[in-house]
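The values are calculated or read from the model by the stated rules, or taken from the named source; none is laboratory data. In this text the structure is predicted, and so the values were computed from the model without any measurement. When we count neighbours, we look across all protein chains shown, and the Cβ atoms used for this are built from the backbone with ideal geometry, even at glycine.
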Amino acid sequence: MNSDPRGNQGQSGQAMVEAALTLPLVVFLLLGTLQLFLMLQARVLAHYAAFQATRAGSVAHGECERMTHAAILALIPSFHSFLGLSSSTDEVRHGGGGGAPARLAAAFRARRDNRFQAGLDGVHTGSIVWINRAIVGGGVDSPQDREFDEPGHLRRLEVQLIYWYPMRIPFANWVMSRMFMAQFGIQDYRAANPLILAEKDANWNQGESSNPLTLAGDVRSELASRVAREQYVFPIEATFTMRMLTPTKRRHFASMDCPR
């Protein structure tokens, strides 16, 4: 029995159309999985960074600069491969062509002002971390708190750290940022669905979730601002508490928020 060649061609054409329609979803599943695993790694390092920042503040009278630098050093491996085979021009200029310690020092030096560097970090230019502090057990009364470690007068340093993790996996970063914005109730997305071409429009909005995620107002505003500039980030929050090992000094607590 002879088969109909036109029927075979029709089935082949239908398979190609179906493949074309589902290809964006398959690509997103691959890239999105990679981006998700990188975000999980960043979350682990964010908790470590919160610990390091708290410890630095505990032994340095609550000084913000030391706390911020400790956090940045802990987080660099999650957004910059300073151990790569080649170094950027800026890092070579700052002595990053040596071994691992020298390259880490160069990567930190380029970001010690708590700013991502455009070029080194893709398009990202904003703050790397936000650090908010609280003193439990007496506040900040005196620049020379000589009784800070007396029984009943112990002070604890509580730190909340927001890590603005830069998502850099192409396509996945754009799609996931739109999903996050909708989930946080910041901005709905109802334009063309980038994952399923057969659907005319997406319908990603906060109202579909019975338990929407929440963010502080300033974090929501910053996230919306960065996404509007096509700097796709995800705010990872981590907290840590530690006993103060040095007296608090008033000059380090003009504000409970460290400079951003």
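Figures for the structure shown
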quantity: Tabulated pairs, the stretch 34-45, first within 13 Å of Leu75 (Cα to Cα) and modelled with pLDDT of 95 or more, second β-branched (Val, Ile, Thr) and not in a helix (DSSP H, G or I), C-beta under 7 angstrom, 6+ apart or interchain; calculated: Ala42/Ile236; Arg43/Ile236
quantity: Scan of the stretch 105-158 for residues that are closer than 15 Å to Thr246 by Cβ and either assigned to a strand (DSSP E or B) or at pLDDT 90 or above (or both), ordered by number; calculated: Arg133, Ile135, Arg156, Leu157
quantity: Leading residue by the ranking (modelled with the lowest pLDDT) among those in the stretch 57-104 that are among the small types (Gly, Ala, Ser), over 30 Å from Val136 (Cβ atoms) and in a helix (DSSP H, G or I); calculated: Ala100
quantity: Which numbered condition Val219 fails, given (1) surrounded by fewer than 14 Cβ atoms within 10 Å (Cβ to Cβ); (2) assigned to a helix (DSSP H, G or I); calculated: (1)
quantity: Residue tally, condition touching a Leu at 6+ places or on another chain (Cβ under 6 Å) and surrounded by 16 or more Cβ atoms within 10 Å (Cβ to Cβ), over the stretch 19-52; calculated: 5
quantity: Close pairs (7 angstrom Cβ cut-off, 6 or more residues apart or separate chains): in contact (Cβ under 8 Å) with a residue 40 or more places away in the chain in the stretch 167-195, among the polar types (S, T, N, Q) and buried (at least 16 other Cβ atoms within 10 Å of the Cβ) anywhere; calculated: Met167/Gln35; Met167/Asn173; Met167/Ser177; Ile169/Gln35; Ala172/Gln35; Asn173/Gln35; Met176/Gln35; Met181/Gln187
